[in-house]
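Heads up: the structure comes next, in structure tokens.
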Amino acid sequence: MPTSLTRRWWMLALVSTVAACDSPNLASPPVASALHGSNAVTPNAPSKAGLLELSVSDPRGDNTGPIDVRSMNFVFDNTSGAFSVTLQAYPSGPFATGGSIHININLYNPAKSSFFHCNPVDFALDAATRTLVLTGTSSEVTTWASGDLIYPVSAPGTPLPPNVSEYQSAVVWNFDITMPNRFVDAIANSDPSVPAKIVRSRSGSVASQGLACL
């Protein structure tokens, strides 16, 4: 169980020219005490049925800190806006103890000009784990549809949200905005310019418990 929650919401998206500091199944992931994000949702999407999802396979060894993310699976209901994000780490680089963990999930859907963010508060763990789950609701995903392409990081040649020069999804170890060399693992495919594609979800439901996204 996470034992401390430090309220720091630092986005990794850089808005315009100013850095804006603000988004194999394993059993029994730890769950934070702050559960169920509850942003307002407007179910204004066109007719769509069932759950949708996208997945990112992150390469081994691209981390500069102790945590090495293996995959991200994003499941969402584009009628209610409910979503869950499951992050899995490699056995050699689990979500570790002995420091704080900072997570940013930033997903850009150029077809809908929609920029999604999920940023739980920083936390620490009592025991290392390979799986973390984030949950919440967002009106952004109510416009998303099967076949849309989603970018979890900006890279040369990839589209950018309006007024944003750079962004990334990442897990950061002992985040400190004053330190230029962060211990970070960006969450992206081996070729970061390759987007994830939204498909029909194989999950029966969106996870209801996890770290609350803000």
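Values quoted throughout were computed directly from the atomic coordinates according to the rules given, and no laboratory measurement underlies them. In this text the structure is predicted, and so the values were computed from the model without any measurement. Cβ coordinates were reconstructed from backbone atoms using ideal geometry, including for glycine residues, and neighbour counts include every protein chain displayed.
At a glance:
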{"read-out": "Distance in nm between pseudo-label sites at Asn163 and Arg60 (7 Å out along the Cβ direction from Cα)", "value": "4.4 nm"}
{"read-out": "Trypsin sites (Lys or Arg not before Pro) lying in DSSP loop within segment 148-214, provided at most 15 other Cβ fall within 10 Å", "value": "Arg202"}
{"read-out": "Additional length obtainable on full extension of the chain from Arg200 to Ser92, 0.36 nm per residue less Cα span", "value": "35.7 nm"}
{"read-out": "Spatial separation of Cα centroids for segment 125-164 and segment 68-85, in angstrom", "value": "8 Å"}
{"read-out": "Packing rank of 71-81, 107-117, where each peptide gets the mean count of other beta carbons within 10 Å, highest leading", "value": "71-81, 107-117"}
{"read-out": "Amide H within-cut-off set for Val164, under 5 Å, with H built and near neighbours excluded", "value": "Ser16"}
{"read-out": "Additional length obtainable on full extension of the chain from Thr178 to Gln209, 0.36 nm per residue less Cα span", "value": "7.9 nm"}
